[in-house]
1. If R₀ is 22 angstrom, what is the calculated FRET efficiency for the pair ALA327 and MET274, using the beta carbon separation as r and rounding to 0.05?
2. Distances over 18 Å make up what percent of all Cα-Cα pairs in the range 250-334?
3. State the answer as a single residue: which of THR310, ASN279, PHE326 lies farthest towards the positive end of the charge dipole of the range 250-334, with beta carbon charges of +1 for Lys and Arg and -1 for Asp and Glu, about the Cα centre.
4. In the structure displayed, which of LYS38/LYS268; LYS261/LYS314; LYS69/LYS192; LYS48/LYS246; LYS246/LYS328; LYS54/LYS185 lie more than 20 Å apart, Cα to Cα?
5. Say each of THR80 and GLU242 gets a label point 7 Å from the Cα, pointing the same way as Cα to Cβ; how far apart are those two points in nm?
6. Considering amide H positions built from the backbone, and no H for Pro or chain starts, which residues 5 or more places from CYS318, or on another chain, come under 5 Å of its amide H?
7. Simple spin-label model, 7 Å along Cα-to-Cβ: SER184 to ASP39 in nm?
8. Using the basic label-point model (7 angstrom from Cα toward the beta carbon), what is the VAL283 to LEU302 distance in nanometres?
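Throughout, read-outs are computed from the coordinates displayed, never taken from laboratory work. If you're wondering where the values come from, they're calculated on a predicted model, not measured in any experiment. Glycine gets a Cβ as well: all are built from the backbone with ideal geometry, and neighbour counts include every protein chain shown.
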Amino acid sequence: MKIFKMIIVLIVAFSFLPMQAHAFGKKKKKKEEKKDLKDLPPLKGPKKLVAVNKFENKAEGNTFWHGQKLGEGMSDMLATTLMDSGYFIVLERESLKEVFAEQDLQQSGRMAKGNTAKMGKTLSTQILINGAVTLFEEGTKKGGKRGGIAISGISVGLGGGGGESQVGVDIRIIDTTTGQILASKACKGYAKSKSRGISLGINRSIGGRSVGASFGGDKFEKSPLSDATRDAINGAIFFIVEELNKIPWSGKIIKAGGDGKIYINCGKRNNVNMGQVFNVYEVGESFIDPDTGEDLGAEETLLGAIKIITLKEKLAICAAESGQNFAKGNVIRWKEV
């Protein structure tokens, strides 16, 4: 009864306050157009193999939506969307825990840089996506911001014209063989809230920690914050596709038998077809900078070309088109016809 009376008092008090906040003459920044995966260009060449690390959570405030691990949820959403794009094969993070732990150590500066190349050889993909959640706020637009007060865990506020939810993620594309950041971008997503008028909330806490809706939960999926999150993730996908299109696809010979059959680590799942031709290269010793430990690259020798004669899900069997002396570990590159 006491709580009920307090709610009534707060609602009555707010009914006398203005229902719309005003924005003050600040020029709006031009936003990027919303991205739709349907607008991605057709995939040209084999799918690239990538791994997505757990995102760091640097977002402040609005802990109501942080019921679950925000960084992990965002990285899982990115991994799923990368697969849905049709451009990539995404490695399961669970199977790469030790490698990720080593990579995190290297990124922190506590690992000698010379060990970075070893990490790249352990990880079966050259590309690693790292990220951080930098913004995760609901209804933050000036002029649409909610006002209100809270007493004894009960809050009443003004809708303020709905406001705007914002989500920001910093994306970094890393070459695992060198530890070099190939590209980075801050991606933002926006979504307007349709709610107006008086809002009522009861804030609860356990052990001093606020408890709210979980990221990815049903309540989250129906919120403008969910739309803003997907907007940011889609922007990140377009950025990753654009940057990785600049990097030539490469695979490897996994076995070269005496019967003339050459096995490669590329199959149906990589978007290749029967008769596809690959150039084969022998890679020499890597040149390592003695001061920084950075991998500066290696000399490559073209050995010839091979063609797919049998296609399986994760591998293919090839025959020589030209050249000879092919061996396990030789690098293959897609030959555009």
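1. 0.35
2. Counting pairs separated by more than 18 Å, the tail of P(r) holds 42 percent.
3. THR310
4. Working: LYS38/LYS268 22 Å; LYS261/LYS314 16 Å; LYS69/LYS192 24 Å; LYS48/LYS246 12 Å; LYS246/LYS328 27 Å; LYS54/LYS185 17 Å.
Over 20 Å Cα-Cα: LYS38/LYS268; LYS69/LYS192; LYS246/LYS328.
5. Computed distance between label sites THR80 and GLU242 equals 2.6 nm.
6. Long-range HN contacts for CYS318: ILE262, TYR263, ILE264, ILE309.
7. 2.7 nm
8. With each label placed 7 Å out from Cα toward Cβ, I get 1.9 nm.
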